Each structure stands twice: as structure tokens, then as C-alpha cells.
Amino acid sequence: MSGAGRAGVHVWAGQVPDTVADQDVALLDDRERRRFDGFKDEVTRARYAGARAEIRRTVARWHGVGPTAVHWGVARCPGCGSRDHGPPYLRLPRSEWRTSVSRSGEWWMLALSYGAPVGVDLERRSAFDAEAVVRRALTPEERAHVATAGEGTERDDALMRCWVRKEAVVKAWGVGLGTDLAGVAVRPWEESAVVERAGREGAERWAVREVSVGESCVAALARPADVTAPVVVHGADGGRTAAKA
């Protein structure tokens with residue numbers, strides 16, 4: 001599908017049932033099926049198969065093809081060059097659309113970005129292991145920010161906002177959680193934060209912000225800071241909401 005008239009970043013999110021559906025399992029590729037078979041809990045299996053199938057169906061509709069025509073690949077890790085844990089990419093159908101996906105509980109999220117890297121992360125709202133997250137992932141300023149939040153759900157929410165922003169950034173980089181997250185300053189008190197890092201061709205600037213996809217989860221999106229094309233959030237009913245760039 002051409003990007004003409006549909007450039008920018010497009011985001012979808014949804015929920016899947018807790019029972020395995022044969023039509024979802026039938027859409028899994030070999031790599032996905034091996035992971036599905038490795039789950040012993042039926043709810044986990046159902047949520048995984050459902051999310052992967054819905055992501056595949058959404059990509060297929062966007063490109064005007066059937067779900068079985070969508071094939072994923074694994075790119076080389078930008079950090080070490082390995083193909084064992086590199087970022088996923090859309091191998092077929094061939095296009096300029098870059099992808100990022102996330103899952104949390106029954107929720108799934110997909111971003112398609114025309115011609116530019118993108119990273120998204122989604123977390124279902126729940127109690128966070130605060131001590132572990134603060135210890136390994138937050139900058140001193142982020143720790144202070146979280147400490148000012150009230151105990152309970154307010155503090156959990158503050159932690160999740162830090163976490164999804166960090167995950168979105170490292171996914172956009174293509175390196176994942178092998179990065180020292182405490183060195184990725186995402187400043188959740190800012191509506192949109194710019195994260196800088198040293199790239200192979202000089203300094204890079206990445207913008208990260210939250211994206212509203214549902215009341216029961218927190219989500220964030222990251223992309224190069226110089227990309228100003230719109231971000232469009234697609235509702236489950238087919239409606240679209242333009243988010244700020």
C-alpha cells in the first residue's frame with residue numbers, strides 16, 4: 001500500500017478474549033506458534049494468539065491484502081548485530097511502513113510509521129514492583145518525580161508512565177531492554193520529552209510522549225524528533241483521533 005494520503009504514524013490498540021480461538025491460532029507463523037506452544041497457561045496462550053492475530057489482521061487491512069500474506073522478519077540488532085533478538089520488521093508485503101508492537105495482559109498495540117522508525121509500549125494499569133523499577137530503570141530526577149506521587153495507584157501510574165516511555169524509546173532504537181534504562185531520561189512530567197543519544201553519525205534526538213488508547217492502560221510512542229507528520233489513533237469502531245505530533 002502506498003503511503004500517499006496516509007503518511008505519518010497510525011496506531012491501533014485493542015483487547016482479546018481469554019479463551020483460545022482456532023481462527024487466531026491458524027494465523028500464527030512458525031516462530032509465533034513455537035512461542036504459543038511454550039505457554040502452559042491457557043489464558044496466556046489465548047491472549048498471545050489473539051493479539052498476534054489481531055495485529056496481523058490490522059496490518060493486512062492497511063495494506064489491502066489477506067492476513068496470510070503478512071510475514072514478519074527479525075532484523076539484526078543494531079547493538080551487537082545478532083538476528084536472535086533484533087527488532088521485528090514487516091518482510092511482506094514490501095512497503096515503506098515501519099512497525100512496532102506491544103502486548104500487556106489482554107491488550108495489544110500496533111504502530112505503523114511511514115518511512116521513519118517508531119517504538120510503542122503499552123502496559124495495563126496494575127500494581128508495579130516499585131522498588132525493582134526504581135532501582136534499575138529511573139534517573140534521579142525521575143525517582144524524585146515518582147516519590148512526589150501519592151502512594152498506591154497514583155504512584156503506580158507515575159512509574160508506568162516512566163516505564164512505557166523508556167520501552168517505547170529503546171524499541172524505536174531497535175535495541176530493546178538490553179539498554180541501561182537509567183540512562184534514558186524520558187521526563188514524564190513533560191508532555192513530550194526529547195531523548196538524546198550518540199549515534200553512529202552524530203547526536204540523535206528522539207521524541208517520546210504518551211498516547212491515549214484506553215482508560216485501563218498507559219501507552220507511549222517514540223520516533224525521531226525531526227519527524228512532524230501526524231500521529232493518528234484508530235478506534236476499535238474505525239474512528240480516528242489525531243494526536244499531537
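The values are calculated or read from the model by the stated rules, or taken from the named source; none is laboratory data. Predicted model only: the values in this text are computed from it and were never measured. Cβ placement follows ideal geometry from the backbone for every residue including glycine, while neighbour counts extend to all protein chains displayed. In case anyone asks, the SASA skips ligands and DNA or RNA and just uses the protein heavy atoms, side chains included. Shrake-Rupley method; radii C 1.70, N 1.55, O 1.52, S 1.80 Å.
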Give the residue that is nearest to TRP107 (Cα to Cα), with candidates limited to residues of the range 200-217 that are at pLDDT 95 or above and assigned to a strand (DSSP E or B).
-> GLU210
Residue satisfying all of: in the range 53-89; among the β-branched types (Val, Ile, Thr) and surrounded by fewer than 18 Cβ atoms within 10 Å (Cβ to Cβ); nearest to the chain's Cα centre (by Cα) among these | VAL74
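Go through the range 69-103 and give me each residue that's hydrophobic (A, V, I, L, M, F, W, C) and assigned to a strand (DSSP E or B). Walk me through it before giving the result.
Applying the first criterion (hydrophobic (A, V, I, L, M, F, W, C)) to the range 69-103 yields 69-70, 72, 74-75, 77, 80, 90, 92, 97, 101.
Selection gives TRP72, VAL74, LEU90, LEU92, TRP97, VAL101.
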Does TYR48 count as surrounded by 13 or more Cβ atoms within 10 Å (Cβ to Cβ) and in a strand (DSSP E or B)?
-> no
Quick one: ALA149 ticks every box in (1) open to solvent by less than 30 Å² (accessible area, probe 1.4 Å); (2) out of contact with any Ser or Thr (no Cβ under 8 Å at 6 or more places or on another chain); (3) assigned to a helix (DSSP H, G or I); (4) small (Gly, Ala, Ser) except a single one, so which number is it?
-> (3)
List the number of the failed condition for ALA144; all other conditions in (1) surrounded by 16 or more Cβ atoms within 10 Å (Cβ to Cβ); (2) out of contact with any Lys or Arg (no Cβ under 8 Å at 6 or more places or on another chain) hold.
-> (1)
Within the range 113-146, considering residues that are in a strand (DSSP E or B) and acidic (Asp, Glu), the one farthest from THR58 (Cα to Cα) | GLU123
Determine whether ARG197 is under 27 Å from PRO78 (Cβ atoms) and either part of a helix (DSSP H, G or I) or out of contact with any Phe, Trp or Tyr (no Cβ under 8 Å at 6 or more places or on another chain) (or both).
-> no
Take LYS171 and decide whether it is part of a helix (DSSP H, G or I), within 20 Å of PRO87 (Cβ to Cβ), modelled with pLDDT of 90 or more and open to solvent by 50 Å² or more (accessible area, probe 1.4 Å).
-> yes
Within the range 48-96, residues being hydroxyl-bearing (Ser, Thr, Tyr) and within 26 Å of GLY178 (Cα to Cα) number 3
